[in-house]
1. Could you size up the charge dipole of the range 30-152 around its Cα centre, putting +1 on the beta carbon of Lys and Arg and -1 on that of Asp and Glu, and report it in debye to the nearest 20?
2. Pop out the ³J(HN,Hα) list for the range 57-64 in order, Karplus 6.51 cos²θ - 1.76 cosθ + 1.60 with θ = phi - 60°, rounded to Hz; leave Gly and Pro as x.
3. Sort K36, K57 so that the residue with the fewest other Cβ atoms within 10 Å of its own Cβ comes first and the one with the most comes last.
4. Regarding the range 50-156, what's the average projected area of the Cα-atom convex hull, expressed in nm²?
5. Counting only C-alpha contacts under 8 Å and six or more residues apart, can you give the relative contact order of the range 30-152 as a whole percent?
6. ³J(HN,Hα) across the range 81-96 via Karplus (A = 6.51, B = -1.76, C = 1.60, θ = phi - 60°), whole Hz, x for Gly/Pro?
Amino acid sequence: MKTKIKFFALPLLALLVLFTGCSSDDSNSSDNLFIKFTHNGVNYNFVDPFTTTSLSKNIRYFEGSDDTFVDISLWMPLVSEEGTFTITDTPFDVESYNANFSLGQDLNLDATAGSITITSVDSEYIQGTFTFSGTSFEGEDVVVTNGSFRAYNIQD
């Protein structure tokens, strides 16, 4: 009888250790990465924006297609630091701060005014707030408010 108990107890103990030792680690969960903002009274809240770099840093999120397409980009210099920075209408200046917003097929905007405030930056993450405005390519005045983000801080 003792042999049967040992025979069943050992695999049961191994399974218990396996499932206890492999619990998920939520400290690095992608749920901590986001980009949020308000446009025309609609709140947008997206998880997992991505960061790309080339000559400047771009924190971006997009999804959908055609009429459901949403795309937002925040551009900044490669080396980011804490502070409040004015958004300018100089998209080809890699040392400036810029923003773009598209909604559906009918709204496309390169921001001409606003600010990006970087509240926290370290080797892994960059976090902050933003607001911007401008006139869309279609001639519509567009305002994006209550913006906030937390994304990976890629440094080249």
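Bear in mind that the values in this text are calculations on the coordinates, not laboratory data. Just so we're clear, the structure is a prediction, and the values are computed from it rather than from any experiment. Don't worry about glycine lacking a Cβ; one is built from the backbone with ideal geometry, like all the others, and counts go over all protein chains shown.
1. That gives the range 30-152 a dipole magnitude of about 300 debye.
2. Using θ = phi - 60°, the values come out as 9, 10, 9, 9, 9, 8, 7, x Hz.
3. Fewest to most other Cβ atoms nearby, the residues stand as K36, K57.
4. Projected over every direction and averaged, the Cα hull of the range 50-156 covers 6.3 nm².
5. 25
6. Going residue by residue, I get 9, 5, x, 10, 10, 6, 7, 10, 9, 10, x, 9, 8, 5, 9, 9 Hz, with x marking Gly and Pro.
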